[in-house]
1. Can you tell me how much longer the chain between residue 18 and residue 72 gets when fully stretched, taken as 0.36 nm per residue apart minus their C-alpha distance, in nm with one decimal?
2. Grab the beta carbon distance between residue 46 and residue 79, set R0 = 25 Å, and tell me the FRET efficiency rounded to 0.05.
3. Rank the residues 53, 16, 36, 79 as a footprinting-exposure proxy: fewest other Cβ atoms within 10 Å of their Cβ go first.
4. Skipping prolines and chain starts, which residues have an amide H placed within reach, meaning under 5 Å, of the one on residue 16, given they are 5 or more residues away or on another chain?
5. Compute the length gained on full extension between residue 53 and residue 29: take 0.36 nm times their separation in residues and subtract their Cα-Cα distance, giving the result in nm to one decimal.
Amino acid sequence: CPAKWAVSYPYFSTASTFGTFNARQIDLFDIPSYESFRGPHAGGVLFVMCDGSIRNVQDNVDATTLDRFAARADGGVVSHE
């Protein structure tokens, strides 16, 4: 099953924390969920961290934690177990 990026073009992809995280059913007019992070893995989405590690972020992730995962150079610290 190929990965499903939120918005994908030949040289980049983008996503947002505004919509439903890892939405399974997306209405054509539900733009925020269409542009949210999602993937084909059951129960979560794989994120590549700045240190090169790959983490499965579960569907029930706290909104504040998800925002920190998605931000860069904000100085926020995320503890992911």
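FYI, it's all coordinate maths here, none of it is from the lab. As the structure is a computational prediction, the values presented were derived from the model and not from experiment. Don't worry about glycine lacking a Cβ; one is built from the backbone with ideal geometry, like all the others, and counts go over all protein chains shown.
1. Details: separation 54, 0.36 × 54 = 19.44 nm, distance 1.62 nm.
Going from the current span to full extension adds 17.8 nm.
2. Working: r = 18 Å, r/R0 = 0.73.
Rounded to the nearest 0.05, the efficiency is 0.85.
3. Placing the least packed residue first, the sequence is 79, 53, 16, 36.
4. Counting only residues 5 or more places away or on other chains, the set is 36, 37.
5. That pair, residue 53 and residue 29, stretches by 5.2 nm at full extension.
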